[in-house]
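Novice: The structure follows.
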Amino acid sequence: MTGVWDRRSFLKVAAALIVTGCSPVQKHQVRFALAGTPNAAWNGVWVWLQACLNAMEATGLATSLSTNAALGREEDRTELTGLGLLNLNDAGISEATALSETYVVAQLPFLFRDLAHFEHLLEDQSFLSEVNDKLARAGLVLIDAAFLGGMSGLFTTQRPVRTIEDMKGLRLRAMDRRDLVLIETFGASGVQVAWEETPQALQTGIASGYLNPPLAPVLFGHGAYLKYFTDLRVAPAHRLIVASSKWMNSLAASEREAVEAAFAAGRAANRKWSQERLQSDLQLLKDSGIETVEISQEARNTFSDVARTAYGAYAPKSVIDHVLQIAGRYS
């Protein structure tokens, strides 16, 4: 019972922080939560939220912002949003897949050619409705995905990877069970390491690389350990913008119009930032001493074919079949 009460206590404290804050609470104040740092150069979620926040304030809506996960872990902020104590939250993908297995389509490796292809999924109203029907049970609405600067690829410390045969002998840092399955399917071995401990793992050889978007080692200072980036384009790197359905349903027509216009402003700013990042990230890697390895389409097809054999580890076959049918509508 201790864990349950600790969690309840935390949520009470977090709720009090939201309500009191550092400034007087105004009527209809829109409360934002950002998991990371408000850095417009590196954080694509902040780019989205900042543009949205500015657009709301321009229409007279009052706003407040919590940063650096001050209101707790992913699940804590999700619960606060579902309760209506937070209005907009920067959420991890797992917060959506825990409620709607359909969103696993965004995690399947090599399903999307590029971010433009992934954008079609986010514009599919029937897909969003299906996901939001499930999220509604927790008081949530999926608004958008905030891109983090490209598609994920493979970083290595020892040697470049140009073909799937080059994966043999590598030991890669895995974030979760799905990462482990994919890494092992490629013929490498995986080791689960907390992100905070990744630099030490790379330095000591516990891990010889990881899967991440191009911006990751630049943002977190791993350039001293990593030597190569294989541009595999495994999956779109993104986080989710999730809103409180209680809040959305409480808005008057004029407020709803202003809020939806602010969402559009957030999306536009994030997409513009993402395009600029695509053009500059590889240069940043080069400046950090990391060589970009381009692979042939034939080699990428081999990675893709092998990865698809592991789809069963992501969700039951019925779910995989369903989401592949969704993706097939615009492939």
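Novice: If Lys and Arg each add +1 and Asp and Glu each add -1, what is the summed charge of the other residues whose beta carbon sits under 10 Å from the beta carbon of TYR330?
Specialist: Charge balance in the 10 Å sphere: -2.
Novice: When we measure straight from the Cα of LYS272, which aspartates and glutamates land under 20 angstrom away, once same-chain ones fewer than 8 places off are left out?
Specialist: Output for LYS272: ASP90, ASP114, GLU119, GLU123, ASP144, GLU260, ASP281.
Novice: Continuing with the same structure: For ALA136 and GLU197, what is the calculated FRET efficiency with R₀ set at 41 Å and r taken between the beta-carbons, to the nearest 0.05?
Specialist: About 0.65, to the nearest 0.05.
Novice: Using the heavy atoms of the protein chains and a 1.4 angstrom probe, tell me the accessible area per residue for segment 82-154 in square angstrom.
Specialist: With the other protein chains kept in place, segment 82-154 gives 31 Å² per residue.
Novice: Sticking with this one: Which net charge results when you count Lys and Arg as +1 and Asp and Glu as -1 among the other residues whose beta-carbon is under 9 Å from that of SER66?
Specialist: +2
Novice: Same structure again: Tell me, what % of the accessible area of the chain is carbon and sulfur with a 1.4 angstrom probe?
Specialist: Answer for the chain is 53 percent, counting heavy atoms of protein chains only.
Novice: If you take every residue apart from GLN283 with its C-beta less than 15 Å away from the C-beta of GLN283, what net charge results, scoring Lys and Arg +1 and Asp and Glu -1?
Specialist: Overall, the nearby charge balance is -4.
Novice: Going by the alpha-carbon gyration tensor, a ≥ b ≥ c the square roots of its eigenvalues, is segment 202-331 rounded (a/c under 1.5) or, if a/c is not under 1.5, prolate (a/b greater than b/c) versus oblate?
Specialist: Because a/c hits 1.5 or more and a/b fails to exceed b/c, segment 202-331 counts as oblate.
Novice: Relative contact order for the chain: what percent, with Cα pairs under 8 Å and sequence separation of 6 or more?
Specialist: 25
Novice: Assuming 0.36 nm per residue, please report the length gained on full extension of the stretch GLU260 to GLU57 beyond their Cα-Cα distance.
Specialist: This chain segment gains 71.8 nm when fully extended.
Novice: Here's a follow-up. Let me know the shape class of segment 268-331, please: from the alpha-carbon gyration tensor, a ≥ b ≥ c as square roots of the eigenvalues, rounded when a/c is under 1.5, otherwise prolate if a/b is greater than b/c, or oblate.
Specialist: oblate
Novice: Here is a follow-up. Note down the nm distance, to one decimal, between modelled labels 7 Å out along Cα→Cβ at GLN29 and at GLN275.
Specialist: If labels sit at GLN29 and GLN275, their model points lie 3.7 nm apart.
Novice: Cross-link partners among aspartates and glutamates for LYS286, C-alpha distance below 15 Å, same-chain residues fewer than 8 apart left out?
Specialist: ASP231, GLU294
Novice: Binning at 5 angstrom from zero up to the longest distance, how are the C-alpha pair distances of segment 31-103 distributed in percent?
Specialist: Per 5 Å bin, starting at zero, the Cα-Cα P(r) for segment 31-103 comes out as 3, 16, 25, 23, 19, 10, 3, 0 percent.
Novice: Just to confirm the number: angle between the C-alpha axis of helix 317-327 and the first principal axis of the chain, 0 to 90 degrees, nearest 10?
Specialist: 80
Novice: Now for a different question. What is the gain in length, in nm to one decimal, between ALA40 and GLU291 on full extension, counting 0.36 nm per residue of separation less the C-alpha to C-alpha distance?
Specialist: 87.8 nm
The values are calculated or read from the model by the stated rules, or taken from the named source; none is laboratory data. Values in this document were obtained by computation on a predicted structure and should not be read as measured data. A quick note on method: Cβ atoms are made from the backbone with ideal geometry, for glycine too, and the neighbour counts reach across all protein chains shown. Accessible surface is based on the protein model in full, side chains and every heavy atom, while ligands, DNA and RNA are left aside. Shrake-Rupley method; radii C 1.70, N 1.55, O 1.52, S 1.80 Å.
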